[in-house]
Amino acid sequence: MSLPAIQLSNVTKTFGSHTAVRDLSLDVPTGSLYGFIGPNGSGKTTTIRMILHILAPDSGEVQVLGKSGTRASNDRIGYLPEERGLYKKMTVARLLAYYGSLKGMRLKGAQSEADRWLERLGLTEWRKAKVEALSKGMSQKIQFISTVIAKPALLILDEPFSGLDPVNLEVMRTAILELVAEGTTVVLSTHDMTVAEQLCDNVIMIFNGDKVLDGSISEVNAQYGQDTIRLRTDAGARALEGLSGIEHVADMGTFQEVRYRGDSQRLLQELAGRTSVRLFEETRPTLHDIFIRIAGPDAKAATQAEASPAFTGARQGVEA
Amino acid sequence: MNKVLAIARAEFVQAVMSKAFIIGLFIMPLFMGGGIAFQKAMENRVDLTPRKLAVYDPAGELWETLEAAAKARNEFGIWEPVDEESAAEGDADIGSEPGRKQLRPEFVLERFTPTGDERPDVVLSDRVRDNDLQGFALLDPSIFSGEESERPFAYHTDEPTFTELPKWLEKVVNQEVRSRRFRDANMDQELAAALSKEVTLTTWGLTEAADDGTIKDAEKENDVQTFLIPFGSLMLLFMLVMTTAPQLMNQVLEEKMQRISEVLVSSVTPFQLMLGKLLGSVAVSSTLAAIYLGGVAFSAHHFGVSHFIPLSAYGWFILMMVFALLMYGSLFGALGSACSELRDAQSLMAPAMIMIMIPIFAVTSIIESPNGSLATALTYFPTATPMIFLLRLLAPPGPPAWELLTAPLMCLATTVVLLWASGKIFRVGVLSQGQAPTFGKLLGWVFSK
């Protein structure tokens, strides 16, 4: 069995009195597409920076591509940060060659690889344009090329799809999946739970510096059981007012997702007595729902109060 | 090292291909050439409005002399002969007459006699305030008697910056007083003038006697050598630092604000990034310096003064320039990395700017006494060494031989310490966000693990 691409063992990082990451252990298998999810300020970026050896952990061990505690493997890592960093005054070709050379590529090699990617993502004609002349979507694709130009073994992508239109999103998604198929390990940090659910083999969620989820999507879903009911009624969300056993209602507009404790048939009968029920489906909670349960306003309030039965339950459920 | 060079190359190419570099390249020649051209153009453009002077000479002993001197000056002393063609091209009618052009304003004198018991200074002061007079002179009879008097000879005006009139007045009065004294002492005035003629002093260098007995005569001191070369070199170095160091700070800050730094430090260490940027800046400044020094060498050869600039001067300039750029570049780069907003960077920049300015503040004192205690002490003020030592090297007679070793060593030590400290600040600063740190906090970053 091959070594994990990333192995964090009991890693802790603090900034002054604030603990950004607490006792985090994680194995990212080689060749997998791993999702990092969590709200802003939860510790994702700190974790990524420790993986890149930009930050050193206070305690614990960070091993990346078989190397521990050094930047030796950084040339084999591609990093796409959430906030794009491109030189606006540089031409696309020069920028890509420059970023390639910083990964140890020879200039000619970087140029030909840049040309290959520009063609693949339909940007060949922008080769000599200055970055400032590109649209947001095009800039994003250029940033992506600058990340993959050196053929990294490990790719860390922080919100790679933000700001992309559906067509470009599809192009990028295909490119990422092809890289995974070629053996590249991809870490995908995102707030978009749908993307994480669709693309990732495994997800890890960090909240307030703690790991609160880690496993495959199906494992994570299984941990939360089948307590969600998706329904559509003529009265909309108002049909649910005053009903007992309902813990949470997510109003999606045309339908509602309800977390219900009790006999679902009883709920169906009660709803049918109030309004016409068009859809009633028992389902597992989506990753989005799980995210909200862990990191939503209720959970935050519970964290601030340091003890909340619902939140504690969720945490215990995950960690069990 | 390859990555450092890759960063330096990218910085260099990006900089020299920018409009700012082209503009920067011409700024100094434009400033200098423009300054000279402006002065030349303004040379003859003086205010030719006649200046009216009232003279209160109760004894009446100087009035006629003054009146005659003013008349002679107005007739002959303020004009320059011009040929007909130039006169025709002249754009001002005022001050132009066929065959000659007025260069200075006329002095129009008026003898003042008070009426009744009015005080001359009160009446005349009012007329100055009313712009009727440029000023007035009060001549006390004690000028000739030699009696003690509080104000034997006074000039009153509300525009003391116009000094031509009082200087002229002083000269004319003194000439007359002197002649009167010679006459009263029954001395031949012409003989006295011949006997009291001043001898002109010229300044020369030192004569050198070689071992074989040959003697190399001293050379006459020249302003080019004693002032222009050291001062010009200092200004060139100052300009190169000013076009590089603050630019580097802005660049680092901009990259940080645009999150480019985060991408870069995932590929290179912060120190490699800083070093690459510094080397790129040094390369840009060296290119500018090569162009300017080439121009200096060509001009010196053209005007026959190249013997005043030995080849070693170019070498010392380049060495001190590299030290200065590395010192100030690392300092400003570190400050840029520590800030998240331009406003914060500018407030942190002020103390660093003072360090650059120290040699400029001290330039006159150092040229006057290049090996004096002030010059020597300032040479060993860490960040001032490159500029001040360069100034002392080029101002005759040059520093003592031991300083040719100690000053470069001082530069080297300062550069290493600044690179180390800036690297530490850069490492923390380049990823930090939020409020600008205090100097205390920056020191904390320097000594953090």
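We did not get these values from a lab; they are worked out from the coordinates using the rules stated. Just so it is clear, the structure is predicted and the values come from calculations on it, not from any experiment. Positions of Cβ are generated from backbone atoms using ideal geometry, with glycine treated the same way; all protein chains shown enter the neighbour counts.
Here are a few things to note about the model shown:
- With 10 Å bins beginning at zero, the pair-distance distribution over Cα atoms of the protein assembly as shown amounts to 2, 10, 14, 14, 13, 12, 9, 7, 6, 6, 4, 2, 1, 0, 0 %.
- Span-rule helices in chain B, defined as complete DSSP H runs reaching 15 Å or more along the axis (Cα) with Kyte mean at least 0.5: B:2-16, B:19-43, B:229-257, B:270-302, B:311-338, B:342-368, B:403-429
- Reported to the nearest whole Å, the Cα centre-to-centre distance from the range A:66-80 to the range A:84-157 is 20.
- Descending semi-axes in Å of the range B:408-449, equivalent ellipsoid built from Cα gyration tensor: 23, 10, 9
- Rg/Rh ratio calculated on Cα atoms of the range A:226-283 (Kirkwood radius): 0.89
- Hydrodynamic radius of the range A:5-150 by the Kirkwood approach over all distinct alpha-carbon pairs: 16.8 Å.
- Charge-dipole axis of chain B as Lys and Arg at +1 and Asp and Glu at -1 on Cβ define it, positive-most pick from B:A69, B:A338, B:A313: B:A338
- Measuring nothing but alpha carbons in the range A:173-304 and taking Rh as the Kirkwood radius, the Rg to Rh ratio lands at 1.05.
- Net charge of the neighbourhood of A:K136, taken over other residues with C-beta under 11 Å away and scored Lys/Arg +1, Asp/Glu -1, is +1.
- Neighbour-count order for A:W126, B:W204, B:W79, fewest beta carbons within 10 angstrom listed first: B:W204, B:W79, A:W126
- Annotation: average projected area of the range B:190-335 is 16.2 square nanometres, based on the convex hull of Cα atoms across all directions.
- Translational diffusion of the range B:123-242, µm² s⁻¹ [Kirkwood Rh, Cα pairs; Stokes-Einstein; 4 °C; 1.567 mPa s]: 63
- Largest-first principal axis extents of the Cα set of the range B:222-446 (Å): 56, 36, 29
- Entry note, chain A: the mean residue ellipticity at 222 nm calculated from DSSP H runs of n ≥ 4, each adding -39500 (n - 2.57), is -11000 deg cm²/dmol after division by the residues and rounding to the nearest 500.
- Sites listed here are chymotrypsin sites (Phe, Trp or Tyr not before Pro) in the range B:131-188 whose DSSP assignment is loop and whose Cβ has at most 16 other Cβ atoms within 10 Å: B:F162.
- In whole angstrom, the range B:48-184 maps to an equivalent ellipsoid with semi-axes of 32, 19, 11, each derived as √(5λ) from the alpha carbon gyration tensor and ordered largest first.
- Whole-number Å³ per residue for the convex hull built on Cα positions in the range A:22-86: 114
- Among B:M239, B:M355, the ranking by other beta carbons within 10 Å of each residue's beta carbon, starting with the fewest, stands as B:M355, B:M239.
- Expressed in units of 2.2 N^0.38 Å, where N is the residue count, the Cα radius of gyration of chain A is 1.14.
- Compared with the dominant principal axis of the Cα atoms in chain A, helix A:107-120 is inclined by about 40°.
- Each pair of Cα atoms in chain B enters the Kirkwood radius, and Stokes-Einstein at 20 °C and 1.002 mPa s then converts it into a translational diffusion coefficient of 77 µm²/s.
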